[in-house]
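The block underneath contains the structure these notes are about, expressed in structure tokens.
The values are calculated or read from the model by the stated rules, or taken from the named source; none is laboratory data. The structure presented is a predicted model; accordingly, all values stated were derived computationally and were not measured. With ideal geometry, Cβ positions are generated from the backbone for all residues, glycine too; neighbour counts draw on all protein chains shown. Side chains included, ligands, DNA and RNA excluded: accessible areas come from the protein's heavy atoms. Shrake-Rupley method; radii C 1.70, N 1.55, O 1.52, S 1.80 Å.
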Amino acid sequence: MADAPAALGAEQSLDNRTTHTLGPWSLRCGGDEVSEIAWNGTVLLESARPALRDRDWGTVAPEILEEEWSRSAGPSLTRTLRVRYTGAGGGASALSELTMTPERLSLRFAVTVETSLTTNRVGLTAMLPRAMAGDDAVVTTTRGDRRDFRFPRPIAPWQPLFDIRGLDLEHAGVRARLELLGDVFEMEDQRNWTDASFKIYSRPLAQPFPYEVSAGESITQEISLVPEPAAPPAHPSPSQAPAVPASAPTAATHPSPPSASEPTPTALADLLAAARTRTLPHLGLGATTAAAGVQRGGPRSISAEAGFDHLMVEVSERFGAEQVLAAAADEAVATGLPADLRIIASETTNVPALLDAADAAGLPVRRIGIVDETRHVTTTALWERLRSACAGRGAELVAGSRTHFTELNREIHAVPAAELLSFPSTPQMHMRESWHVAESVAALGDVLASARMLRPTARLHLGPLTLRPRVNAVATQAELVDRADASGWGAHLVPGSTDPRGRTSWAAAWTAAALAEAAHGGVESVTLGELAGPRGVLTGEAGAQLTPLGELLVALAPWSGREVRVLCGPGGPGTALIARGEDVLLVNAGLEDWEAAAGSDDGRPLRVAAGTVLRVGPADEAGPAPRS
């Protein structure tokens, strides 16, 4: 689909980061986050920022009161940020100070509690890029001990590193020392949640949470990064100069627009030659969870006839099974799609009764899964109850997790060895900025590779694949999970589950890039979002209109289950190529235009606007995405 660049307009304004350089340093600032911190063009920290979390791990947004930048001799560059927090049951004020010199970067955070807080975490976080996977480092503990450490390649289910005071890093030829002061820090592999980073944080999770921080208490922490200067050439000649002079700005992660003197983009034929032949997953949608959005009647552009595969229905005793099953049955009739029924169960759940209720509602069930409502994974006991209840039904059974890959990774020992393994994915468990979401696409590839290592012979189902989480897997208040009222049920009542960007062309591009990763990772089927409602792909009167994501899925549905060629990340995070026959889709979920390839015989390059999917048809003719 070829959207005008203006279609992303509102979304581009969300990436309001500013770029700053000093000597070999370059970084971006947006809100209270410092991101893409690079030394001589090599990103050493993906992000550094303060975080205040409430008792259910929700992030309390900072209110920025004042921002001031200053330069001084030396040279040095300083940003002072004054913020206020209102949430976590109280309030606090904080001062954040970023300081850069040519030799050192530091971020100092001091927070004073004004009204007592109930929190799970308050302090600084440092996120190291996923590209460090496999890198060697040396950790210094709070006792001063030093030991070797290697960043994990397969995703670590639990924290790979504890008791961190400092890390000696070596990445892409750059050595640097990361120091952390003010608390005991530890690391988690955030790729578990499809974040593209290894996160260092405090306070240790082994300590009780939530905990109280009383009025008048102050917390001060500091992160510093000190690179090791590159050794000079053994015999420099007068014509040789440093690659980056001490006073020269750099912006390697965000280069200037191409000029006439820069190399010609790769030919489209070269991108196609690099693409791998894979099978595009079968595509399904989640059933609508907003009561007012439930689709009835037909026909619909999202349908079995259009090439779609299934309708995923989540049912729980906590939110009125009869209402949910009746609504799903209406949508199954409207679309002609069979149901992928997922039961969220407890020890007391009457599984046969739920299946009988689905039959009574007229829901055509093709696949059935079951997960524990508190552990969020399929347990052996539940699996045996499901198998017994499904005897003679002929439905395919699926095991896995319902919240994140994390739970599957951590409890794989408890999950039965089913033929079909399923887990969902969302890029916004921790971070909501668009650039983080674009970076997450590559992390999805890591997730799929790790899932394949956990169960090498299982067929993989991915879903629901959504921009925002559909359930709070870490809530300490059970009443926040799996609720229902007159407006809807399940995901509809999860705070923040509806992403305001969900109906933009950027959301469609992000999904296309994720589908390319899914195809590359050998995923058999994918469930995407919901059919209608605030998180749906059908909008307007009686669902007569399609969102940009809906248009993309209608275009891709005829390709599902068939061979395609895919190439992931050819133009950086969030970019992809998907091709079948002479039809080529160039995908750009990034926030900057991508000059993808040399175009037709006249030499004009193929430029893919930020947040769009561009079709290149026969004879390199650009146009809408294919519909057949």
Over the alpha-carbon set of segment 165-226, work out the extent along each principal axis and list the three values in angstrom, largest first. 46, 28, 16
Could you sort 431-442, 387-398 so that the peptide with the highest average Cβ count within 10 Å comes first and the rest follow in order? 431-442, 387-398
Scaled to the compact-protein estimate 2.2 N^0.38 Å, what is the alpha-carbon radius of gyration of the chain, rounded to two decimal places? 0.99
Report, in order of residue number, the helices in the chain meeting two criteria: a C-alpha extent of 24 Å or more along the helix axis, and a mean Kyte-Doolittle hydropathy of at least -0.5; treat each whole DSSP H run as one helix. 434-454
5 Å is the cut-off here: which amide hydrogens, built 1.01 Å from N in the peptide plane, fall below it relative to residue 612, excluding neighbours closer than 5 in sequence? 588
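Divide the volume of the convex hull of the Cα atoms of segment 280-319 by its number of residues and quote the answer in cubic angstrom per residue. If you can, show how the numbers build up before the last one.
Details: hull volume 3.6 nm³, N = 40.
Convex hull of Cα atoms, per residue: 90 Å³.
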Measuring from its Cα centre, segment 498-599 shows a charge dipole (+1 at each Lys and Arg Cβ, -1 at each Asp and Glu Cβ) which, in debye to the nearest 20, is 160
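Extension gain residue 417-residue 143, at 0.36 nm per residue separation less the Cα-Cα distance, in nm? The partial results should precede the final answer.
Working: separation 274, 0.36 × 274 = 98.64 nm, distance 4.32 nm.
94.3 nm is the gain from fully extending residue 417 to residue 143.
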How much accessible area per residue does the chain have, counting only protein heavy atoms and a probe of 1.4 Å, in square angstrom? 40
Heads up, I need the accessible area for residue 474: 1.4 angstrom probe, whole protein in place, Å², nearest 10. 50
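Using only Cα atoms, figure out Rg for segment 47-171 and give it as a multiple of 2.2 N^0.38 Å. Let's see the in-between values first.
Values: Rg = 17.4 Å, N = 125, 2.2 N^0.38 = 13.8 Å.
Output field value: 1.26.
Please sort 76-86, 140-150 by packing, taking for each peptide the average over its residues of neighbouring beta carbons within 10 angstrom, highest first. If you can, show how the numbers build up before the last one.
Working: 76-86: 17.7, 140-150: 12.2.
The packing order, highest mean first, is 76-86, 140-150.
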Highest mean first, how do 55-65, 328-338 rank when packing is the count of other Cβ atoms within 10 Å averaged over residues? 328-338, 55-65
What share of the DSSP beta bridges in segment 386-512 is antiparallel, in percent to the nearest 5? 20
Would you mind calculating the gained length between residue 220 and residue 393 on full extension (0.36 nm times residue separation, minus the Cα-Cα distance), in nm to one decimal? 56.2 nm
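Per the 1.4 Å probe, what fraction of the accessible area of the chain, in percent, lies on carbon and sulfur atoms?
Numbers: 12720 of 24830 Å².
It is 51 percent, rounded to a whole number.
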Using a Förster distance of 25 angstrom, determine the FRET efficiency expected from the C-beta separation of residue 545 and residue 333, and round it to 0.05. 0.75
Bridge type composition, the chain - antiparallel percent by DSSP, nearest 5: 75
